[in-house]
Amino acid sequence: LIVNGYDTASPIAAALGKQSIAYDVVNANSLPNELSSYLQYNAIIFDNVPGHLVGEAKMSVIEQAVKNFGVGFTMVGGENSFGLGGYFKTPIETLLPVEMEIKGKEQLPSLGLEIVLDRSGSMSGAKLELAKEAAARSVEMLRDEDTLGFIAFDDRPWEIIETGPLGKKEEAVDTILSVTPGGGTEIYGSLAKAYENLADLKLQRKHIILLTDGQSQPGNYEDLIAQGKENGITLSTVAIGQDADA
């Protein structure tokens with residue numbers, strides 16, 4: 001089973017095909033929750049997959065498949081793998097003979113991270129808990145001097161953590177985990193606010209993580225994303241739940 005972080009062709013798939021080795025390719029957002037789904041494979045390969053796309057729950061299921069049932073596991077290096085991918089202190093870290101803590105953090109580029117989390121009524125229950133856990137895990141990988149902003153939205157954006165130097169990481173994590181569900185869903189305005197917060201910051205890397213079930217009104221997202229790219233801002237979207245509106 002080859003797991004991709006984003007919708008890009010995997011060179012691993014091409015290599016296996018040349019050797020007549022059967023394989024399936026799945027996006028990290030579509031990984032199954034059931035242990036039995038992994039037991040049909042001889043091995044699982046993570047090809048540059050960021051940890052927040054997998055989540056703690058699915059990592060634990062994969063850990064069981066490897067430790068208790070002998071399924072092989074390999075992680076391919078890349079900017080979204082190992083420590084940089086957010087696997088520090090996760091079940092996946094226990095499977096590999098490497099340390100996930102990032103060394104030489106002072107050499108990393110300056111980073112601004114804006115997390116936009118859906119707290120609408122449709123996210124109540126397990127979906128909201130998964131989203132908060134993914135957001136908290138992302139914050140735990142930041143340095144104190146990195147920039148963080150956190151927006152939780154329902155029918156409007158709520159700026160829970162104003163964009164600025166991270167400072168006390170534990171307080172930020174506790175704040176994120178304390179979010180409760182609200183009312184409707186308005187993604188576009190909340191995402192636009194995140195782009196606005198990062199646009200003028202003089203940082204080497206600026207990134208937004210959007211965690212939502214996608215059940216919202218349409219908006220002009222193409223122009224918003226294009227304008228963000230002009231300001232050096234990248235975006236990752238994590239769809240929560242099987243009923244997510246792609």
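Only the coordinates and a few stated rules stand behind these numbers; no lab work does. It should be emphasised that the depicted structure is a prediction, and the values quoted were computed from it without experimental measurement. Because the Cβ atoms are built from the backbone with ideal geometry, glycine has one as well, and the counts that use them run over all protein chains shown.
With Kirkwood's inverse mean 1/r over C-alpha pairs for Rh, give me the Rg to Rh ratio of the chain, two decimals please. Let's see the in-between values first.
Working: Rg = 18.2 Å, Rh = 18.8 Å.
Result: Rg/Rh = 0.97.
Counting only alpha carbon atoms, the long axis of helix 126-140 and the longest principal axis of the chain meet at about 90°.
In segment 2-95, Cα pairs under 8 Å separated by at least six residues give a relative contact order of 30 percent. Treating cross-link reach as a plain straight distance, find the aspartates and glutamates whose alpha-carbon is under 15 Å from the alpha-carbon of LYS168, omitting any fewer than eight places away in the same chain. Those aspartates and glutamates meeting the cut-off are GLU140, ASP144, GLU145, ASP146.
If you take the beta carbon distance between ASN27 and LYS168 as r and set R0 to 41 Å, what does 1/(1 + (r/R0)^6) give as a FRET efficiency, to the nearest 0.05? Efficiency, rounded to the nearest 0.05: 0.75. The Cβ shell under 14 Å around ILE12 holds other residues with a net charge of -1, Lys and Arg each +1, Asp and Glu each -1. The string of couplings for segment 152-167 from the Karplus curve (6.51, -1.76, 1.60, θ = phi - 60°) is 10, 10, 10, 8, 7, x, 10, 7, 6, 10, 5, 5, x, x, 4, x Hz, one whole number per residue in order, with x for Gly and Pro. The ranking of THR147, THR212 from fewest to most other beta carbons within 10 Å of each one's beta carbon is THR147, THR212.
Dimensions of segment 2-95 from C-alpha coordinates, computed as largest minus smallest value along each principal axis and given longest first, are 36, 30, 20 Å. Under 20 Å from a label point set 7 Å out along the Cα-to-Cβ vector of GLU129, the amide N atoms of segment 62-92 belong to 62-64, 90-92.
Summarising the label geometry, the points placed 7 Å from Cα in the beta-carbon direction at LEU177 and SER20 lie 5.2 nm from one another. Partner lysines whose Cα lies under 17 Å from the Cα of LYS169, excluding those fewer than 8 positions away in the same chain, are identified as LYS89, LYS105, LYS132.
Our helix-only sum for the chain, with -39,500 (n - 2.57) per DSSP H run of n ≥ 4 divided by its residues, gives a mean residue ellipticity at 222 nm of -8500 deg cm²/dmol.
In a fully extended conformation the segment linking PHE69 and GLU222 would gain 50.6 nm over its present Cα-Cα distance, using 0.36 nm per residue.
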